[in-house]
Amino acid sequence: MKIKTPLTASFALASLFVAGCTYQNTANAEGIGATASGIHLGLFDKTPELKEGDAAPDFAMKADDGRTVKLTDYKNRTVVMYFYPRDETPGCTKEACAFRDSLAEFKKAGIEVLGVSVDSVESHKAFKKNQRLTFTLLSDESKETSKAYGVLSDAGYSKRVTFIIKDGVIKKIYPQVSPAEHAAEVLADAKAVS
């Protein structure tokens, strides 16, 4: 469909949005063009989905102890970075405690565990103390890291997704996690890539 005026273009875009279609801008010298197909609105796509083998996005986040942590701090090491929705919720607590209970095995294999959520540093401090967690929790209050890794939910929380990263490359992604059993699965896979 060819669209000649800005007002018509705005109406067409709104119609495509309501219809749930993809909009592709095919502007040319004669005017603005648009095509509609698909079932989602491409204008609002989030960060492209990361895949195993991709470079892991770098980050700088505050840790529960107040220091700034970057992915580059773990050069030549294997990192398990697990995103979770909220401190002190039942599933998140199960998952964190499972990592805590397996942490000696992770450390023995030279693997660093980092928990990430959009909660504040203060919330992480309390969660770490209440659950006797012995690994680093990172605060992504800006939500930039969750966006970069493609795990920010529509509700504004991090989704429960885990990444194994070695030398800055994503080796394994767990998009669906069972909180209580997850740490054991990740440990076996992380050992295999270390």
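Where a number appears in this text, it was derived from the coordinates with a stated rule and is not lab data. These numbers were taken from a predicted model, which means no experiment stands behind them. Glycine gets a Cβ as well: all are built from the backbone with ideal geometry, and neighbour counts include every protein chain shown.
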- Task: May I ask you to compute the full-extension gain from Ala55 to Ala104, defined as 0.36 nm times their residue separation minus their alpha-carbon distance, rounded to one decimal in nm?
- Result: 14.9 nm
- Distance violations [Cα-Cα > 22 Å] among Lys62/Lys128; Lys143/Lys191; Lys62/Lys159; Lys108/Lys172; Lys94/Lys129: Lys143/Lys191
- Task: Enumerate the residues in the range 176-194 having an amide nitrogen under 13 Å from the point lying 7 Å beyond the Cα of Ser153 toward its Cβ.
- Result: 177
- Item | GluC sites (Glu not before Pro) restricted to the range 48-108 and DSSP loop, no more than 15 other C-beta within 10 Å | Glu49, Glu52, Glu88
- If the cut-off is a Cα-Cα distance under 18 Å, which aspartates and glutamates reach Lys70, setting aside same-chain residues fewer than 8 apart in sequence? Asp54, Asp58, Glu112, Asp119, Asp140, Glu141, Glu144, Asp167
- Query: What nm distance separates the two modelled labels at Ala180 and Glu141, each placed 7 Å from Cα along Cα→Cβ?
  - Reply: 3.5 nm
- Coil-residue trypsin sites (Lys or Arg not before Pro) of the range 106-142, DSSP, other Cβ within 10 Å capped at 15: Arg132
- Hey, any idea what the orientation-averaged projected area of the convex hull of the range 47-194's Cα atoms comes to, in nm²? 7.6 nm²
- Which length gain, in nm to one decimal place, applies between Lys75 and Thr89 when the Cα-Cα distance is subtracted from 0.36 nm times their residue separation? 1.8 nm
